[in-house]
Protein chains: 2
Amino acid sequence: MIIFQPSGRRGRVPRGVSIVEASRQLGVDIASPCGAKQVCGKCKIRIEQGNFQKYGIVSKMNHAGPWQSGEEEHITADEREAGFRLACAATVEDDLLIFVPEASQVGKQVVSKTARDIDIVINPAVKQYSVELTPPTLENPAGDFDRLCAALEQQHGLDDVRIDAAVLRVLQNTLERANWKVTVAIWMDRNVIHVTPGQGSNLFGLAIDVGTTTVAVYLCDLTSGQVLDTLSMMNPQVKYGEDVVSRISFHMENPDGLDRMSTDLVAGLNRLVAKIPKREYVLRSPAASGDLGPEQTVRIQTDDIVDVCIVGNTAMHHILLQLDPEPLGRIPFAPAIQHSLTIKARDMGLHVNPAACVFMLPIEAGFVGGDNVGVILAEEPHIKDQIQLIIDIGTNGELVLGNQKKLVCSSCATGPALEGAQIEFGMRAAPGAIERLIIDPDTLDVDYKVVGRDAWRSYSSPEEMLTKGICGSGILDAVAQLFIAGVVDPSGAFNLERLSPRLRINSETDMKEFVLAWSEDTSIDKDIVITQKDIRQIQLAKAAIYTGCKLMMRKLKIDRVDRVKVAGAFGSHIDCKLALAIGMFPDCAIDNIVSVGNAAGDGCRAALLNRDKRVEADRVAREVEYMELTLEEDFQQQLMDAIYFPHRRDDFKNLVGVVPEHLLQSAKNCL
Amino acid sequence: MIIFQPSGRRGRVPRGVSIVEASRQLGVDIASPCGAKQVCGKCKIRIEQGNFQKYGIVSKMNHAGPWQSGEEEHITADEREAGFRLACAATVEDDLLIFVPEASQVGKQVVSKTARDIDIVINPAVKQYSVELTPPTLENPAGDFDRLCAALEQQHGLDDVRIDAAVLRVLQNTLERANWKVTVAIWMDRNVIHVTPGQGSNLFGLAIDVGTTTVAVYLCDLTSGQVLDTLSMMNPQVKYGEDVVSRISFHMENPDGLDRMSTDLVAGLNRLVAKIPKREYVLRSPAASGDLGPEQTVRIQTDDIVDVCIVGNTAMHHILLQLDPEPLGRIPFAPAIQHSLTIKARDMGLHVNPAACVFMLPIEAGFVGGDNVGVILAEEPHIKDQIQLIIDIGTNGELVLGNQKKLVCSSCATGPALEGAQIEFGMRAAPGAIERLIIDPDTLDVDYKVVGRDAWRSYSSPEEMLTKGICGSGILDAVAQLFIAGVVDPSGAFNLERLSPRLRINSETDMKEFVLAWSEDTSIDKDIVITQKDIRQIQLAKAAIYTGCKLMMRKLKIDRVDRVKVAGAFGSHIDCKLALAIGMFPDCAIDNIVSVGNAAGDGCRAALLNRDKRVEADRVAREVEYMELTLEEDFQQQLMDAIYFPHRRDDFKNLVGVVPEHLLQSAKNCL
């Protein structure tokens, strides 16, 4: 009897087979990249010694056959003392209880080290296999590739493998040089897409999040899951239109519009990719103990980037693939394809390994795209009991609600106000923009911080803090603080009873406004104000989100949610509690509202690092039910009702006029 | 009980199902390209009426449910009288005996109409399916492709279909225009590569035979198997070297040599392909009766060319794919790949439908390529009892010997003599070349015909017959006739006892020669002669072939063969009996020696029209055993022995001085 831990798989195997072979027979996958040749040392296991009565076996070191000279190089004296062996060298001679450390498991749980810790099982679409081929002889005239296939079948159990014709050229010239020992990277155990001499080296992948405004590229080590670099840029299509609708219009008005937008985006991605070979990266490969192993400094060639996953909203997805986005702009908003799509990097014009496959995540509907599928993969509402509401606020708002029983999604037109557009002094989150702001409820004095500096104005000299506008999170802060402080009433109107030099009527426009920064504190020589109209814009945006959430809750027949998650860059910058205070989300315990960062990018990374997540993505995209909010008969009424701020402002009194604790800390560090 | 004829499949199905559905359940595939909608009329079947005691059933017309109005359009009154119905309209209400005409069978036996009749079961890799999609609705936001998949699954039982991203663009724009009724072409039931509105139209494929000297392209109708056009050209690589070895040298001596040779070939193929849309073709689609149906004149767009198969010798295969051919030139002659390879047309730069897949047939060994696999597919020695020897003489000679028990192949260096090169007055088979020739055994008078004219010299005025050289088949005729007439002795030496002005010693070279055409009959103002050295060249070539055959026979331990087939253009032009007379092949009854034309091209066409042949090709290529002749220890001795002409020249006396019957007929027609 042989038992593997921690999986608990057990069974009988013929005496004398290697432990690697036994593990395969019993369905426990032990890593063996070198093909069980005692070369790579990746298949370390530990023989547990003792009388394991509950299993009815006695396991001893010598039940695993004699020590082999090939193990010397990979197992230290201490490890040997502790019972470690190479699974390809040790054999099954009698009962054995074997512990397989995480580092030796195929599909090991590795926590990736990025801003956000999400657990991703490492099981990439592209895996490496080291093989030693028989040299060609006159007696066996089989081709190089055919002998590679024979070796892959014999040494790794892979059959029916094909090869990209471009890679065949490299294979041929590498084999002889490498004395018939090579490492090949195989996509989905089906198609050879990369060849390196000898034992090979690490390979890499890109997870790409194409937003309407910004594009983020995560460079990942496909072996460890480690995120080595995050490259980002403004979406080059911004010059053709700020939002999805204007991009679609640009396509409809220009015969070459689609081609130009697509080409510009790919060119932009290629500029980011071109930075990678110029940098140095530090790799840490997981060791047998499960900790991270020694550091290794490498340079990465674009040819070593062998896999790519892309998420984006439906319009970005269509424009990138040069699919006509026009139908997305009219009822019934039909996309060209919902299912995921695999396309060769060379066909997309992406300058990574030309044989690499680009996996486009599936989309949910015309207005809920692959980015939302990414959010679901990362936050996993579809496998949890608790009811989650996930709000991804970018240039568009995408909402998901539900749990493992049922998920609904929808899209809401938040408008550009939350990104600082169409606001009197609104601007992007660029240096000089007010991004956080507090208002003293008694004096109505304003304190703020600007993008690019952690200290607040009250701790800085004025010339360090010259501001020129206000970005989305700053506007939200301003509206919420004004409301909680009673300067704005529940209808959104300025309350002129709160006498202050800051609250005034603009003589030119005859409109009420509140001064956030006096002209001497700005670089634009004007008072920066928030106007009555600005407040209306924010009210409309928050009402759109709130209404979406409410209609989805009605659909699921629930009256509260267990957890609210705010995703997207905006979600990372706003104060979720203030957002709740102005009624942006349905009621929820304050502590259960969290910001989850770029969850779309995280989900994309999960699909890059784990092929099973790609299957899951297609299932989720098909199963989540899309709601077209505007077709709900009382949509307009609900939206009107949601324009008002909620009445219970007193619950949030403690949030006004105080710098939030985490910001205070960084502000202090800055001094 | 329901019984299908002629397949004899029988079984029970639920009452009321359509006959198409019943046929699927019982594994009898009835064609139903419109998806069982009574639209295309391709699923005609005949209800046999009567009491079929041997099957224990009574079959009646009314057992197939009531006549449907949709059948009116496709079934004539006569046909209806004879029991014809549409299988998608008729239902199973009781016992039925159903006859499925050939035209309604999927995978029907169609004899293609080319020079050579080979039976090819039509079962192409790319098949068309007509579907009607549900229009998109707000309730069902599935994408265009996803609704296509649903329709394919529901209407044709296809699942897990993918789509080429380039085709997705076309799909999207075609669907709405075509009111959601389209016909898609799917490669291997897996990947959508073409979309047309409505019921679609015929699709086409290319079978390409890349020879060292000539390239032939067969344009085939993928539905009927009909060969619509044969386009050919000189291989543009000829400028880099006449034979395989000189091409490999060109690559080794020029860093860009491989790229240039590959690019030139593809450019040449594209020039041939570009002729297709400019021509008109007459299609004949098979009718229900099994005969050919009405004619239809069409023009073919390159986008409608959706499948390509290519055969070539190993060097041509490698150079086309830009695989390094250098290892083919040295021991152990290892190719890069033996297995077949599929590559997108766009990746090869071939200007057919860019999503089409090009199927490169597998190769057997370094010197026996996909062309020989094609020969085997066409001649099928691997499934026959009788022992066949197939000799494919091109710039290289490739030999196959054996039967279904075992096949061996080899390659022999025939040298260029058989193509007219390295012969004093040798030339290619171009206008003005002597291609057939007879010598009167008594007078030693010579009669001949030249390329481009069916009449012989003796029936023409001299100015109609001005010649300038002699091509391969003419040289073979000359040598054989001289030998049988006793002008040349068994050692190959001229016998000066045969006094004649034609047999002389050249005063300049001091070498014996025989005048084939006096200078006044030539356009080059010189006597055209065959020299002692020319005869040696032919002796060497025929000895190489004979030795190859003999060594292969020894390997298989056989001392005679049942059938000798001579393939290739050369095989079509030579007189196989004369070739036997000079000892080019092992002994065989004269009537069992046949010329089989471009068998390599025929086999390529079989792979194009029948996907199963592709699987068979890989199996054959793997199973046929390659013999490297030069490594047989007595190879040199055997070759020397084979230089001599056989002694039994008297058996062939009747062949000398007489125009062969089939040539006589065409010569007479010409007068």
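The values are calculated or read from the model by the stated rules, or taken from the named source; none is laboratory data. Because the structure is predicted, anything quoted here is derived from the model rather than measured. Virtual Cβ from ideal backbone geometry, glycine too; neighbours counted across all protein chains shown.
Which of the numbered conditions does residue B:574 fail, given that it passes all the others? Conditions: (1) touching a residue at least 40 places away in the same chain (Cβ under 8 Å); (2) farther than 30 Å from residue B:461 by Cα; (3) of a type in the set (Val, Ile, Thr). The one condition residue B:574 does not meet is (2). Inspect all residues belonging to region B:357-366 and state whether any of them is within 13 Å of chain A (Cβ to nearest Cβ), assigned to a loop (DSSP other than H, G, I, E, B), surrounded by fewer than 24 Cβ atoms within 10 Å (Cβ to Cβ) and out of contact with any strand residue (DSSP E or B) (no Cβ under 6 Å at 6 or more places or on another chain). Checked region B:357-366: no residue is within 13 Å of chain A (Cβ to nearest Cβ), assigned to a loop (DSSP other than H, G, I, E, B), surrounded by fewer than 24 Cβ atoms within 10 Å (Cβ to Cβ) and out of contact with any strand residue (DSSP E or B) (no Cβ under 6 Å at 6 or more places or on another chain). Here region B:400-410 is the region considered, the condition is being in contact with a Lys or Arg (Cβ under 8 Å, 6 or more places away or on another chain) and assigned to a loop (DSSP other than H, G, I, E, B), and the residue that is surrounded by the most Cβ atoms within 10 Å (Cβ to Cβ) is B:403.
Residues that are part of a helix (DSSP H, G or I) and either away from chain A (no Cβ under 12 Å) or closer than 13 Å to residue A:172 by Cα (or both) within region B:320-329 comprise B:326, B:327, B:328, B:329, listed in sequence order.
Residue A:393 meets each of the listed conditions (1) crowded, with 19+ Cβ neighbours inside 10 Å; (2) touching a Phe, Trp or Tyr at 6+ places or on another chain (Cβ under 7 Å); (3) within 14 Å of chain B (Cβ to nearest Cβ); (4) not basic (Lys, Arg) apart from (3).
Taking the conditions (1) among the small types (Gly, Ala, Ser); (2) under 19 Å from the mean Cα position of the chain (by Cα); (3) surrounded by fewer than 22 Cβ atoms within 10 Å (Cβ to Cβ) in turn, residue A:329 satisfies each one other than (2). Looking across region B:418-448, the residues that are crowded, with 18+ Cβ neighbours inside 10 Å and among the β-branched types (Val, Ile, Thr) come down to B:423, B:434, B:438, B:439, B:446. Taken as a whole, the structure places residue B:363 among residues that are aliphatic (A, V, I, L, M) and at pLDDT 95 or above. Within region A:332-347, the residues that satisfy the criterion of being surrounded by fewer than 22 Cβ atoms within 10 Å (Cβ to Cβ) and out of contact with any Phe, Trp or Tyr (no Cβ under 7 Å at 6 or more places or on another chain) are A:332, A:343, A:344, A:346, A:347. Against the list (1) closer than 23 Å to residue B:148 by Cα; (2) of a type outside the set (Phe, Trp, Tyr); (3) touching a Ser or Thr at 6+ places or on another chain (Cβ under 9 Å), the condition residue A:294 fails is (1). If the condition is being in contact (Cβ under 8 Å) with a residue 40 or more places away in the chain and surrounded by fewer than 19 Cβ atoms within 10 Å (Cβ to Cβ), then region A:375-386 contributes only A:386.
Restricting attention to region B:1-30, the residues being out of contact with any Leu (no Cβ under 8 Å at 6 or more places or on another chain), among the small types (Gly, Ala, Ser) and surrounded by fewer than 21 Cβ atoms within 10 Å (Cβ to Cβ) number 4. Of all the numbered requirements in (1) surrounded by 22 or more Cβ atoms within 10 Å (Cβ to Cβ); (2) more than 14 Å from chain B (Cβ to nearest Cβ), residue A:594 misses one, and that requirement is (1). Summed over region B:516-540, residues that are in a helix (DSSP H, G or I) and surrounded by 21 or more Cβ atoms within 10 Å (Cβ to Cβ) total 5. Pick from region B:449-500 the residues that are at pLDDT below 90 and of a type in the set (Phe, Trp, Tyr): which of them is surrounded by the fewest Cβ atoms within 10 Å (Cβ to Cβ)? The residue in question is B:459. Could you check how many residues of region B:588-641 are at positive phi and assigned to a loop (DSSP other than H, G, I, E, B)? So the answer is 0. Scanning region A:331-348 for residues that are at the interface with chain B (Cβ under 7 Å from one of its Cβ atoms) and in a strand (DSSP E or B) turns up A:341, A:343. The residues on offer are B:371, B:347, B:304, and the sole one that is among the charged types (D, E, K, R) and farther than 23 Å from residue B:191 by Cβ is B:371. Within region A:17-31, is there a residue that is over 25 Å from residue A:158 (Cβ atoms) and outside any helix (DSSP H, G or I)? No, region A:17-31 contains no residue that is over 25 Å from residue A:158 (Cβ atoms) and outside any helix (DSSP H, G or I).
Just so you know, in region A:198-223 the residues that are small (Gly, Ala, Ser) and modelled with pLDDT of 90 or more include one that is nearest to residue A:124 (Cα to Cα), and it is A:205.
Picking from residues in region B:597-643 that are touching a Leu at 6+ places or on another chain (Cβ under 7 Å), of a type outside the set (A, V, I, L, M) and under 30 Å from residue B:226 (Cβ atoms), the one that is surrounded by the fewest Cβ atoms within 10 Å (Cβ to Cβ) is B:616. Just wondering, is there one or more residues in region B:368-376 that are within 11 Å of another protein chain (Cβ to nearest Cβ), closer than 23 Å to residue B:546 by Cα and assigned to a strand (DSSP E or B)? For region B:368-376, residues within 11 Å of another protein chain (Cβ to nearest Cβ), closer than 23 Å to residue B:546 by Cα and assigned to a strand (DSSP E or B): present.
Being buried (at least 16 other Cβ atoms within 10 Å of the Cβ) and farther than 18 Å from residue B:604 by Cβ is true for just one of B:302, B:314. Which residue is that?
None of the others qualify; the one that does is B:302.
Can you tell me which residue is farthest from residue A:476 (Cα to Cα) among those in region A:618-662 that are among the hydroxyl-bearing types (Ser, Thr, Tyr) and in contact (Cβ under 8 Å) with a residue 40 or more places away in the chain? Out of the qualifying residues, it is A:626. I'm trying to understand the selection: among the residues of region A:50-71, which are part of a loop (DSSP other than H, G, I, E, B) and exposed (fewer than 11 other Cβ atoms within 10 Å of the Cβ)? A:56, A:66, listed by residue number. Just one residue in the set B:310, B:390 is over 29 Å from residue B:202 (Cα atoms) and of a type in the set (A, V, I, L, M); that residue is B:390.
When the strands (runs of 3 or more DSSP E) confined to region B:411-515 are screened for residues that are of a type in the set (Ser, Thr, Tyr) and within 20 Å of residue B:575 (Cβ to Cβ), those reaching at least 1 such residues are found at B:446-450.
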